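In what follows, a structure is listed as structure tokens, so that the remarks can point back to it.
The values are calculated or read from the model by the stated rules, or taken from the named source; none is laboratory data. Source: prediction; values computed, not measured. Neighbour counts are summed over all protein chains in view; Cβ atoms, including those assigned to glycine, are modelled from backbone coordinates with ideal geometry. Protein only, heavy atoms only, side chains kept; ligands, DNA and RNA dropped before computing areas. Shrake-Rupley method; radii C 1.70, N 1.55, O 1.52, S 1.80 Å.
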Amino acid sequence: MKGKIDQALPSQWVRKSNQKLRESNGVIKLLLVLVLLTLITVIVLPLFAMFKQAFMDSDGNLVGFTHFSSYLQSRSLIQSMLNTITVSTATTAIAVPLAFGLAFVLTRTNIKGKSFFKALAMLPLFAPTMMHGLALTYLFGHQGLISTGLFGLLPFEWRIPLYGKVGIIISEVIYTFPQAFLILCAGLAVSDYRLYEAAESMGASSLRKMFTVTLPSVKYALLSAVVICFTLSFTDFGAPKVVGGQYNVLATDIFKQVVGQQNMSMGAVVGIVLTIPAILAFIVDRIVTRKQQAYVTSKSVPYSVKNNRLRNVWAYTYAIVLSAMILLLMGAVLLASLVKKWPYDMSLTWSNFDFSNAAAGGFDPFWNSIEMAAWTAVIGTIITFLFAYLIENGRVYRPIRQAAYFLSILPLALPGLVIGLSFIYFFNHPSNPFHFIYGTMIILVLANVVHFYSVPFMTATATLKMLDKEFDNVSESMNVSKLRTFYRITVPLSLPAILEMAVYFFVNAMVTVSALVFLYASDLRIASVSIVSMDDAGDTAAAAAMSVLVVLLNVVVRFLYEAGTARLRRKMSAWQKR
């Protein structure tokens, strides 16, 4: 296309255009080198510092595999690993079937209120993981609503061994359920209806179609959901911290080694152990994702839902029961935040939202979190989209672009605790020229951007791939600079994805605790860390109140995004329709 346009233009114009193209490519080469150096600085070097710490003693002397040997000889640490595997396996075995059931109900039936049920299923995503543990405490704790039979109103009690393995598993199921639900919804949405027609013509029953058509068609989505649930529960810190009791897992062990015992080397060893399953899961997930994409062909026929009253009754029942359980969990925390003294004085009050007498020390942690999340959203979105644009549309320095792409998706395999720990070893070193950012808002924002960078990067890359390359070719032929093409064409057409990335950064920065629990300064507390502190100090009602504020803010931000960009998204996607 570009060659044809060049042939139709005067030679002087073509020479001028080629000169501008060479200058533009020179700038892009320089920017690509800066992108790679930036990614190496914030991802590779901190990880290297953590790995290096695992082979050194407290005086900085090289001690080889001594710490690894000590770890393998420590019965408590080995028990923590076995506990972590047990919890992750049980969580996966429960969360994936539950999520598959709801995804099936919302994609393969014609019940009403699907958007409502889907919104409720996504609600746990807006809450810090500690909130799930708090909800269970108010329902099944020693003075819980259910464990005491509605405070003695019922003739029976229902008590479970909440603090320990059972509590962690239930909390992790709540935490991982929305993630698995999203993956399985996407998988069930792309099944080929021709297979069902063939099965029906052969007289197959509904159950047989489920096992011979439905499950095989979503096997990659199922495997991906299993990997995600296992990885998230394996590396989560919040739920085990609140309801773990004496049941140790690897995530809480890192915290104890680093914060409690100041044993930085053993903390690095546990961090490496925590990373290995996550990296293996990441590799499996990448392979599965590629195969899932290959399953969809141009000949696939969308699934057609037939009317079936009995099936819809079961579907309504299942969706309502799951939604009621989620509302019960969220409602318990909301009620706890609004009563004076659970369960002795249930009169309503706003005093729990006055954090001045709690371990949070006032309202500052909440405002700090909002400031941090806002900076994370703005800076993270700009950097991520620019990096994705340069890597996807750079056209020069292919090896550098491939290396930058690999580093861009690498954070998917890194638990938040490992990112926080590696930042300590790297940025807290006195000889590091970036040492000045340690203990400031900058390092909190940087940790969040690195932690959540990969998903927005893949979103931006997918969006840029959808844009026609002829935009760039025509702009070059017309002597329009890449910068002008970028902000006049690329950015406006990608605006819906850019805004989605910003919301993703904001919401996750508000709820995360794992990467930040090692990095916050005493005068710069954030809401999620304060929830942990208040729960540890016995200010459970105040911790519930802070959790409610975080959820409400995230829901409002999401609602404003959906309401405010609905028209924009329709307008920006109109060019794809003919």
Top-ranked residue of the range 393-403 - restricted to ones that are at pLDDT 85 or above and out of contact with any Gly (no Cβ under 9 Å at 6 or more places or on another chain), ranked as surrounded by the fewest Cβ atoms within 10 Å (Cβ to Cβ): 399
Within the range 412-440, tally of residues that are more than 17 Å from residue 53 (Cβ to Cβ) and under 15 Å from the mean Cα position of the chain (by Cα): 3
So residue 40, is it modelled with pLDDT under 90, within 32 Å of the chain's Cα centre (by Cα) and either surrounded by 14 or more Cβ atoms within 10 Å (Cβ to Cβ) or among the charged types (D, E, K, R) (or both): no
In the range 502-520, residue surrounded by the most Cβ atoms within 10 Å (Cβ to Cβ) [restricted to those that are farther than 14 Å from residue 422 by Cβ and polar (S, T, N, Q)]: 512
Test: residue 472 is charged (D, E, K, R), open to solvent by less than 20 Å² (accessible area, probe 1.4 Å) and out of contact with any Phe, Trp or Tyr (no Cβ under 9 Å at 6 or more places or on another chain): yes
Test: residue in the range 303-315 that is at pLDDT 80 or above, open to solvent by 80 Å² or more (accessible area, probe 1.4 Å), closer than 27 Å to residue 85 by Cβ and out of contact with any Asp or Glu (no Cβ under 8 Å at 6 or more places or on another chain): no
Tally of residues being open to solvent by less than 40 Å² (accessible area, probe 1.4 Å), modelled with pLDDT under 80 and either hydroxyl-bearing (Ser, Thr, Tyr) or over 20 Å from residue 169 (Cβ atoms) (or both) across the range 258-284: 2
Hits in the range 122-156 (condition: touching a residue at least 60 places away in the same chain (Cβ under 8 Å), open to solvent by less than 30 Å² (accessible area, probe 1.4 Å) and not in a helix (DSSP H, G or I)): 127, 128, 148
Given (1) open to solvent by 10 Å² or more (accessible area, probe 1.4 Å); (2) farther than 20 Å from residue 248 by Cα; (3) of a type outside the set (Phe, Trp, Tyr), number of the condition residue 109 does not satisfy: (1)
Criterion (under 30 Å from residue 53 (Cα atoms) and open to solvent by 20 Å² or more (accessible area, probe 1.4 Å)) met by exactly one of 493, 499, 483, 446: 446
Options 450, 445; residue that is in contact with a Pro (Cβ under 7 Å, 6 or more places away or on another chain) and outside any loop (DSSP other than H, G, I, E, B): 450
Filtered residue count, the range 181-195, keeping only those that are farther than 26 Å from residue 125 by Cα and either open to solvent by 10 Å² or more (accessible area, probe 1.4 Å) or at pLDDT 85 or above (or both): 4
